Amino acid sequence: MKLITWNVQWFCGLDDVVRVERIVDEARAMADFDVLCLQEVAVNYPQLMGNAGFDQVARLRQLLPGFEVCFGAAVDELGRSGKRQQFGNLVATRLPVAQVQHYPLPYPADAGVRSMPRMCTNVTVMAAFGPVRVMTTHLEFYSTRQRMAQAQALLDIHSQACAQAAQLPLADETGGPFQSKVHTPSAVLCGDFNFETANEEYALLTSNPASGTGAAVQNHHAPLVGHPLVHPLIDAWQLAHGSAPHEPTFRLFDRRYGPEPICCDFVFVSDDLKSRVTKIEVNPHTRASDHQPVLLELA
């Protein structure tokens, strides 16, 4: 399974030109991908740099025949022009899709700090080796408080899914919405996390989920986090490259947000998938966005 994750900055390149086709072409040149995870996809935002005043999700569907396109809007609002506007994350895949879930992430108040709502799109795909939950997200850039809460929520969502796979609900084949789902502990979590490896949020996501206490996985009596079958998340880069530093994914060419290139786009895999990681690499050349795409291959 080949997966590419990319913050596409509403498909605006460093030349300030918005072209959805360019992102698709460069992703295809990088790999014959099975799954494409994109962050910062816009619908009807003409005031964004380069003019994103059209439906980018619809355009992607045209450009990716044979792919199922699952869009999750973190922002869904009435724009100043009177049109409905959306901004969020997207998973496109040619693999069979068993289930799609959209999770709004915490948005705690942080007075005087610029921010916007965030979310995680969770698409369970049927890979050749079994079902995998592909989770893609984009965490808050400006608010550390919100970003930490969002990182904890991601851990809770993963822990909840692992617990569901370990403690299956009552089987139901009536054909209604209670019908049995595909539950799996296997997960790929990717996106633009807006933190670096030295930050507390990174340490939290790569810690054992047993340490979490988030409400997302609690029942009326006790939290399910800490269940022995919860699979910790591992940075896929370390599995492929050991202690070698992450290649930068942000600020390589555009230094408006800081003086030095950094890595803030990651791919984490559940520990049951670690033996399947055969490649993870960054494209350091493209200028089709202000971020660099990351390719993961699972055997």
Practice problem: Keeping to the stretch 37-65, report how many residues are within 16 Å of V123 (Cβ to Cβ) and of a type outside the set (D, E, K, R). | Solution: 7
Quiz prompt | Tally of residues being touching a helix residue (DSSP H, G or I) at 6+ places or on another chain (Cβ under 9 Å), surrounded by fewer than 20 Cβ atoms within 10 Å (Cβ to Cβ) and outside any loop (DSSP other than H, G, I, E, B) across the stretch 184-210 | solution = 4
Quiz item: Looking at (1) under 23 Å from L38 (Cα atoms); (2) hydrophobic (A, V, I, L, M, F, W, C); (3) surrounded by 24 or more Cβ atoms within 10 Å (Cβ to Cβ), which is the only condition M116 fails?
Solution: (3)
Quiz item: With F87, F71, F54 as the choices, which residue is farther than 25 Å from L205 by Cα, of a type outside the set (D, E), in a strand (DSSP E or B) and modelled with pLDDT of 95 or more?
Solution: F54
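Residue-wise test of (1) out of contact with any His (no Cβ under 8 Å at 6 or more places or on another chain); (2) closer than 20 Å to Y45 by Cβ; (3) free of Cβ contacts under 8 Å to residues at least 60 places away in the same chain; (4) crowded, with 21+ Cβ neighbours inside 10 Å.
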position	(1), (2), (3), (4)
V91	yes, no, yes, yes
R94	yes, no, no, no
L105	yes, no, yes, yes
N122	no, no, yes, yes
A128	yes, no, no, no
E140	yes, yes, yes, yes
Q146	yes, no, yes, yes
Q150	yes, no, yes, yes
L155	yes, no, no, yes
Practice problem: Consider A74 carefully, then state whether it is small (G, A, S), closer than 19 Å to Q150 by Cβ and touching a residue at least 60 places away in the same chain (Cβ under 8 Å). | Solution: yes
Practice problem: Find the residue count for the stretch 10-42, including only residues that are of a type in the set (A, V, I, L, M) and in contact with a Cys (Cβ under 8 Å, 6 or more places away or on another chain). | Solution: 1
Quiz item: Taking the stretch 112-158, which residues are over 17 Å from the mean Cα position of the chain (by Cα) and assigned to a helix (DSSP H, G or I)?
Solution: T144, R145
Practice problem: State all residues of the stretch 1-19 that are part of a strand (DSSP E or B) and either acidic (D, E) or without any contact (Cβ under 8 Å) to a residue 60 or more places away in the chain (or both); if no residue qualifies, say none. | Solution: V18
Self-check item: Which listed residue, of A288, A240, is at pLDDT 95 or above, touching a Lys or Arg at 6+ places or on another chain (Cβ under 9 Å) and part of a loop (DSSP other than H, G, I, E, B)
Solution: A288
Quiz item: All but one of (1) at pLDDT 95 or above; (2) crowded, with 20+ Cβ neighbours inside 10 Å hold for K181; which doesn't?
Solution: (2)
Practice problem: Give the residues of the stretch 243-285 that are in a loop (DSSP other than H, G, I, E, B), at pLDDT 95 or above, buried (at least 19 other Cβ atoms within 10 Å of the Cβ) and of a type in the set (A, V, I, L, M), sorted by residue number. | Solution: none
Quiz prompt | Unique residue being over 14 Å from the mean Cα position of the chain (by Cα), without any contact (Cβ under 8 Å) to a residue 40 or more places away in the chain and in a helix (DSSP H, G or I) when the list is A165, A109, A171, A161 | solution = A161
Practice problem: Could you pull out the residue among L64, L60 that is over 14 Å from the mean Cα position of the chain (by Cα) and buried (at least 21 other Cβ atoms within 10 Å of the Cβ)? | Solution: L60
Quiz prompt | Subset tally (residues that are in a loop (DSSP other than H, G, I, E, B) and touching a Gly at 6+ places or on another chain (Cβ under 8 Å)) for the stretch 91-106 | solution = 1
Practice problem: Hey, could you check the stretch 20-63 for residues that are among the basic types (K, R) and free of Cβ contacts under 8 Å to residues at least 24 places away in the same chain and say which is farthest from Q292 (Cα to Cα)? | Solution: R61
Quiz item: Just checking, how many residues over the stretch 141-156 are more than 12 Å from Y107 (Cβ to Cβ) and touching a Leu at 6+ places or on another chain (Cβ under 9 Å)?
Solution: 5
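The values are calculated or read from the model by the stated rules, or taken from the named source; none is laboratory data. It should be emphasised that the depicted structure is a prediction, and the values quoted were computed from it without experimental measurement. Please note: Cβ atoms are built from the backbone with ideal geometry, for glycine as well, and neighbour counts cover all protein chains shown.
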